[in-house]
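The values are calculated or read from the model by the stated rules, or taken from the named source; none is laboratory data. The structure presented is a predicted model; accordingly, all values stated were derived computationally and were not measured. All Cβ positions, even for glycine, are placed from backbone atoms using ideal geometry, and neighbour counts span all protein chains on display.
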Amino acid sequence: MIKVITYGTFDMFHIGHQRLLERAKALGDYLIVGVTSEDFDKARGKINVKQSLMERIEAIKESGLADEVIVEEYDGQKIDDIKRYDIDIFTVGSDWVGKFDYLNEYCKVVYLDRTQGVSSSQKRTELRELKMGIISDNAIMNKVANESSFVNGLNINCVCTTSPQLLSQELKSCKVLNDYAKLLECVDAVYIASHPRMHYEQIKLALLKHKHVLCESPIALSSAECNELLELAIRQNCVLMDGIKTAYSTAFNRLILLAKSGQIGDVVSVDATCTSLRDINYNDSTSLQHVWSSLQSWGPTALLPVFALLGCHYSCSRIDSHIVNKDLHFDDFTRISFTYPKALATIYVGKGVKKEGELIISGTKGYIYVPAPWWKTDYFELRFENPEENKRYFYQLEGEGIRYELVSFLSSIERSKFNNISREVSLCITQIMEDFEKEENLHYLKY
């Protein structure tokens, strides 16, 4: 019996896939099809796959051409699979000619002609393109525009800003407006990266006009406003999503799953630090009112692992903050401590104080260590009492995670896909912002 194996993403299964598998099937007696996992696709640069792994596997099974379907999850797996399944022929499309010649050492390699004019990328592009606008007065708008170029089906067509001097050449080629209401007339969705004090009104106006919203967290500065906006999004059948790019990275999601699976025992402590040094004139209230404070800038990111692992039902909290401008309630360094029934958590955030930006999740059997800057991590370690048991994990991260955030936003709109940040976490983040604004459990630092 001649065994044949082939691999692919097989997103949005089409006639080209069908014909390729038919030709692969004709090469032997038994065909094994390897379907790449989401994580492996990301590592290969395919970040906008429309269908889940299970949907793609099911499409292969329904074709009736595969005798067996497996999942491809890591580099080098092809050699392992060829040996494990005693493969005679490896085959793949002719657009990969030469790429897999190294496999000739293990089996025969055959490159098959692809069906011209048909591809998954083309099909994804032919779907309705989402027009998105950006409202922002800081340089993040340029990063968002740049990362959007890696996402099929997303088009940044206009920007609303009072700082046109910050625009990149890419954004200057879009429609540049200074009227937010006019921007909403030109788009299907909006990326909001304005000052947090403006989020509530801007999100509300967008949702009332039936526009989807991706907003740099926090969504609002009070839990009541956040809840109102989330309810409005449901009524308007719109997506409202927190923009915390860390939440959409593979490494972060894997470390959360490992911690929850009991790999380090019961989680009893989460410590997260996010700081940066910025050249800010704290005495200039006019310019300072347009600057995000330390808690507004870093709080949502630092709070993410705390609430993801320990939940939002803490027994008590304490905020210790150094306020550098009391008129604007502007902090340059803040520590927040949480007490849970069976755990503790602490976050440190700062824009005027520098601290090692690491994340440590402590458990009864070991701990997870994520080096600085943990919010951009592509690597973390599981550490135990016996160092020989330590494990290291590596996951590729491109574009600081913004492109994955945009892909998730697009998927949420197209397929009502579950958000990486739950409604409860969004509300919890805004509750902390409200406590700070109202000086609930707030203690002033002096130095």
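Residues that are under 25 Å from the mean Cα position of the chain (by Cα), farther than 22 Å from LEU221 by Cβ and buried (at least 18 other Cβ atoms within 10 Å of the Cβ) do occur in segment 310-329, at least one of them. One residue stands out in segment 257-282 among those that are loosely packed, with under 12 Cβ neighbours inside 10 Å and among the polar types (S, T, N, Q): the one that is modelled with the highest pLDDT, namely SER261. GLU439 satisfies every condition listed in (1) within 19 Å of GLU231 (Cα to Cα); (2) of a type in the set (D, E, K, R); (3) modelled with pLDDT of 85 or more except (1).
May I ask you to verify whether VAL270 is in the same structural domain as VAL144 (by TED's automatic domain parsing) and of a type outside the set (Gly, Ala, Ser)? For VAL270, the condition - in the same structural domain as VAL144 (by TED's automatic domain parsing) and of a type outside the set (Gly, Ala, Ser) - is not met.
Here the strands (runs of 3 or more DSSP E) wholly within segment 271-355 that include at least 2 residues being within 25 Å of SER261 (Cβ to Cβ) are 330-339, 344-350. Within segment 377-404, the set of residues being surrounded by 22 or more Cβ atoms within 10 Å (Cβ to Cβ) and either hydroxyl-bearing (Ser, Thr, Tyr) or not assigned by TED's automatic domain parsing to the domain that holds ALA251 (or both) comprises THR377, TYR404.
For segment 204-246, taking the residues that are among the charged types (D, E, K, R) and in contact with a Cys (Cβ under 9 Å, 6 or more places away or on another chain), the one that is surrounded by the fewest Cβ atoms within 10 Å (Cβ to Cβ) is identified as LYS211.
Residues in segment 227-270 that are assigned to a strand (DSSP E or B), under 22 Å from the mean Cα position of the chain (by Cα) and farther than 17 Å from GLU405 by Cβ: VAL270 alone. Has segment 45-55 got at least one residue that is at pLDDT 90 or above, exposed (fewer than 15 other Cβ atoms within 10 Å of the Cβ) and not in a loop (DSSP other than H, G, I, E, B)? No: segment 45-55 contains no residue that is at pLDDT 90 or above, exposed (fewer than 15 other Cβ atoms within 10 Å of the Cβ) and not in a loop (DSSP other than H, G, I, E, B).
Here is a check on your reading of the model: is VAL407 under 22 Å from the mean Cα position of the chain (by Cα), modelled with pLDDT of 95 or more and either surrounded by 20 or more Cβ atoms within 10 Å (Cβ to Cβ) or hydroxyl-bearing (Ser, Thr, Tyr) (or both)? Against the criterion (under 22 Å from the mean Cα position of the chain (by Cα), modelled with pLDDT of 95 or more and either surrounded by 20 or more Cβ atoms within 10 Å (Cβ to Cβ) or hydroxyl-bearing (Ser, Thr, Tyr) (or both)), VAL407 does not qualify.
Among the residues making up segment 14-29, those that are surrounded by fewer than 20 Cβ atoms within 10 Å (Cβ to Cβ) and under 17 Å from GLU55 (Cα atoms) are HIS14, ILE15, GLN18. Scanning segment 162-203 for residues that are part of a loop (DSSP other than H, G, I, E, B), surrounded by fewer than 21 Cβ atoms within 10 Å (Cβ to Cβ) and of a type in the set (Ser, Thr, Tyr) yields THR162, SER163, SER168, SER173.
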